[in-house]
Amino acid sequence: MKLNRRKFIKRILIVAASIEAVFLLKDSVSKIDTFSSKELFNAGKADSFEKNKLYPFSTGQFFLKRFEDGGFLAMSVKCTHLGCVVNANSKTGGFNCPCHASQFNKFGEVLSAPATRPLDIFPIRIENGEILVDTRKPVKRSSYNKSQLTYA
Ligand code: FES
């Protein structure tokens, strides 16, 4: 069988596209929640965190807040304006950004601009009493609501 140049190039392109499709499919399948607990940030035993307190985790780049009702919220340290690291404000229980003075309340909601949306949060999983924070997946939100809390 004799292939002309046009058919040969067409077949090469089909084979290349097929190989690419296989790799893309394989990559997307492997990303479907196959990460193990070892890939999550272990913040420690849930029991060890007092209610109504804030715990900074600089290596994980988040604040872990345990609220009065025992619920946990992991908030990113990055300001949603331009990404500066916010500081905890011990007087208000919220956060202040040193760069352009945005302020956030204890739920990470904006109290004063220029930031326009709350601090991102990270999903929390509690396994065997340990708090595991998935710092690879910051979640954007428009406001705080109780469904964002995780309970032991
Ligand atoms: S980076 Fe935080 S207010 Fe601008």
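Read-outs: derived from the displayed coordinates by stated rules, not from any lab. Note that the structure is predicted; figures quoted are calculated from it, not measured. Heads up, the Cβs are rebuilt from the backbone with ideal geometry, glycines too, and the neighbour counts pull from every protein chain shown.
Of all residues in region 54-72, how many are part of a strand (DSSP E or B) and either in contact with a helix residue (DSSP H, G or I) (Cβ under 9 Å, 6 or more places away or on another chain) or of a type in the set (V, I, T) (or both)?
Restricting attention to region 54-72, the residues satisfying the condition of being part of a strand (DSSP E or B) are 54-57, 62-66, 72.
Remaining after also requiring either in contact with a helix residue (DSSP H, G or I) (Cβ under 9 Å, 6 or more places away or on another chain) or of a type in the set (V, I, T) (or both): 66, 72.
Total satisfying the criteria: 2.
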Residue hits (region 40-53; closer than 20 Å to N128 by Cα and either in a loop (DSSP other than H, G, I, E, B) or within 16 Å of the ligand (Cβ to nearest atom) (or both)) are L40, F49, E50, K51
Condition first: more than 16 Å from the ligand (Cβ to nearest atom), surrounded by fewer than 17 Cβ atoms within 10 Å (Cβ to Cβ) and either in a loop (DSSP other than H, G, I, E, B) or charged (D, E, K, R) (or both). Can you find one or more residues in region 78-90 that meet it?
yes
